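Some notes on the structure that comes next.
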Amino acid sequence: MIFTKYRNSFRWIIIIISFIIISLILWNTYVFFQNFKAEERTKMDIWAQAQSDVINSDTNSNLDLTLKILRSNTTTPMIVINTDGSLSSYNNVNDEKMSDDNYVKKLVSQFKNENTPIEISYQNEVLSTIYYGNSALLNKLKYYPLALLLIILLFAGVVFFFYRSNKNAIENKLWSGMAKETAHQIGTPLSSLIGWAEILKSENVNPNYISEIEKDIDRLQTITERFSKIGSAPTLEPLDIIKETIDSYSYLKLRSSKLIDFEIITPSGEIIVNLNKQLYSWTIENLVKNAIDAMKGRGKITIEISELEDDIKVLITDTGKGIPKNKFNTIFEPGYTTKKRGWGLGLSLTKRIIEEFHDGKIKVLHSEIGKGTTFLIALKRTIS
């Protein structure tokens, strides 16, 4: 309870602490890099002094320690250039390219950018200059903060997506629970309506009225079943897709504007497909209602069912305002809507019903602004 109350405060405290830790790590890495660089500078100063001792030594001098110092440099790349521009010596560089003057000039320029050259002098006279670069270890250490930042960003990304996924899972569970509770709540008045319909049959009431009431009751039962299935895996059964499509289409046709021309084109006979009756009818209704909205209550809607060797295709075509091509995929995303009071769930639910529950495909096959849109549903034929 306390955690929930101060959740935002805890979140900011964690973010601030993480920022401080990251800053300290990066600062310590920078300090370590500078110290290491200073150590290499000291090493090169000693090497320069040893080189000067060799140049100015006589035959009686003991140079064992000096030569040992000169041979100790096995990591730092360096070039020694005499005052007349000639190459005196080099170490830890590409031997094969040292005969190329351009390569040597580029190397000298690179080393000058990395470190300040060291002059070798005797009695205030400069004899040669040492140009040295960063060692391989120092170069690797230079990229360590970037690698660390990348790891931290990746870790933060993983945490963010985990948090986001967990939040979405909780929200989905909440919506599923609300949907099931809605279905349960609808069930009580629905039972009463069924009872009243039976009473009306015994009265002198126009049978056509009772028939329409029963259709609406069936409709409410279908809606209740749809909501009760949200959050659980639906059961598929072999059904005639032509009949199921016509039933859904006809119900909407009777309750829509007379200014809309409804047409359905189907093959003769049955086409058996594994369907969930309630969810498939939900799909057809969503697409048809969207088409009606796109036409603003005036135009033509055509459903055409065709069968191929393995697939069944259902085309829903309207003469509405059309969809821009760059929105063909966006319209199926949850929350996307062009209606002032829309939730943006219809097409996303439709996509989930077809692709996840029925292992099919749904997409915008064709659309032209001001002329209309065609949706394609592709389902697999049931093998008998």
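The values are calculated or read from the model by the stated rules, or taken from the named source; none is laboratory data. None of the values given here were measured: they were computed from a predicted structure. Reconstructed Cβ throughout: ideal geometry from the backbone, glycine too, with neighbour counts over all protein chains shown. To get the accessible areas, we keep the full protein, side chains included, count just its heavy atoms, and leave off ligands, DNA and RNA. Shrake-Rupley method; radii C 1.70, N 1.55, O 1.52, S 1.80 Å.
For a quick check: with amide H placed at 1.01 Å from N, whose amide H comes under 5 Å from residue 372's, ignoring anything fewer than 5 positions away on the same chain?
So residue 372 has HN proximity to 320, 322.
For a test of the definition: using alpha carbon positions, the gyration tensor, and the 1.5 limit on a/c, classify segment 194-284 as rounded, prolate or oblate.
Numbers: a/c = 2.06, a/b = 1.32, b/c = 1.55.
Oblate, because a/c is 1.5 or more while a/b does not exceed b/c.
Cα-Cα over 23 Å: which of 243/351; 289/363; 201/289; 68/106; 243/300; 327/361?
On the way: 243/351 21 Å; 289/363 17 Å; 201/289 32 Å; 68/106 30 Å; 243/300 21 Å; 327/361 17 Å.
Table pairs above 23 Å Cα-Cα are 201/289; 68/106.
Could you go through segment 42-48 in sequence order and give the Karplus-derived ³J(HN,Hα) for each residue, using 6.51 cos²θ - 1.76 cosθ + 1.60 with θ = phi - 60°, rounded to whole Hz, and x for Gly and Pro?
Working through the residues one at a time gives 4, 4, 6, 4, 5, 5, 5 Hz.
What does the charge count near residue 125 come to, summing +1 for each Lys or Arg and -1 for each Asp or Glu among other residues with Cβ under 15 Å from its Cβ?
Local net charge: -2.
Sum up the charges of everything whose Cβ sits under 12 Å from the Cβ of residue 371, counting Lys and Arg as +1 and Asp and Glu as -1, but leave residue 371 out.
Working: positive: 300, 321; negative: 318, 368.
Summing Lys and Arg as +1 and Asp and Glu as -1 gives 0.
Put +1 on the Cβ of each Lys and Arg and -1 on the Cβ of each Asp and Glu in segment 82-170; which of 88, 151, 113 then has its Cα farthest toward the positive end of the dipole?
Positive-end residue among those listed: 151.
Excluding residue 333 itself, what net charge comes from residues whose Cβ is under 11 Å from its Cβ, given Lys and Arg +1 and Asp and Glu -1? Walk me through the numbers before you get to the answer.
Details: positive: 327, 351; negative: none.
So the surrounding residues net to +2.
What is the packing order of peptides 129-140, 208-219, taking the mean over residues of other C-beta atoms within 10 Å and listing the highest first?
On the way: 129-140: 17.9, 208-219: 13.1.
Highest mean packing first, the order is 129-140, 208-219.
Given a 1.4 Å probe, how much area per residue of segment 241-384 is accessible, in Å²?
Details: 7970 Å² over 144 residues.
About 55 Å² of surface per residue is accessible.
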